[in-house]
């Protein structure tokens, strides 16, 4: 049976460094950098955020087919690309065949 232990709990902290999987000594295996080839085939999902609108529940309930909501983002503004809620890039909305696309103009640096 797998048990999830909250970080910082006593069960998550080994009492003796020798009890940890790495043995706690200098012979511990190094951490793998995110830019390592081992991660190159890992699939992630990016989300493009076009903007937001604030409205009352009354207006929300009154929406019908053909209603138009004005977002807070100008047409020429960059859109944010999110990975797990963090903005990792920005770009311009473009047409790619019959789909929307994003032309990247800014990318977060790998640290």
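The values are calculated or read from the model by the stated rules, or taken from the named source; none is laboratory data. Computed from a predicted structure; not experimentally measured. Because the Cβ atoms are built from the backbone with ideal geometry, glycine has one as well, and the counts that use them run over all protein chains shown.
Quick one: how many residues across region 69-87 are out of contact with any strand residue (DSSP E or B) (no Cβ under 6 Å at 6 or more places or on another chain) and part of a strand (DSSP E or B)? Write out each step before concluding.
Applying the first criterion (out of contact with any strand residue (DSSP E or B) (no Cβ under 6 Å at 6 or more places or on another chain)) to region 69-87 yields 69-77, 83-86.
Remaining after also requiring part of a strand (DSSP E or B): 83, 86.
Final tally of qualifying residues: 2.
Is it fair to say residue 95 is within 23 Å of residue 111 (Cα to Cα) and surrounded by fewer than 13 Cβ atoms within 10 Å (Cβ to Cβ)? Before the answer, list the steps.
Numbers: within 23 Å of residue 111 (Cα to Cα): no; surrounded by fewer than 13 Cβ atoms within 10 Å (Cβ to Cβ): yes.
Criteria not met by residue 95.
Cβ-Cβ contacts under 7 Å between residues 6 or more apart (or on different chains), taken from a first residue in region 50-78 that is at negative phi and free of Cβ contacts under 8 Å to residues at least 40 places away in the same chain to a second residue that is exposed (fewer than 10 other Cβ atoms within 10 Å of the Cβ) and part of a loop (DSSP other than H, G, I, E, B), are listed as 53/70; 71/52; 72/52.
Considered as a group, the residues in region 39-56 that are at pLDDT below 90 and outside any loop (DSSP other than H, G, I, E, B) include one that is farthest from residue 82 (Cα to Cα), and that residue is 39.
Which residue out of 66, 23 is at pLDDT below 90 and not in a strand (DSSP E or B)?
Numbers: 66 fails: at pLDDT below 90.
Unique residue meeting the criteria: 23.
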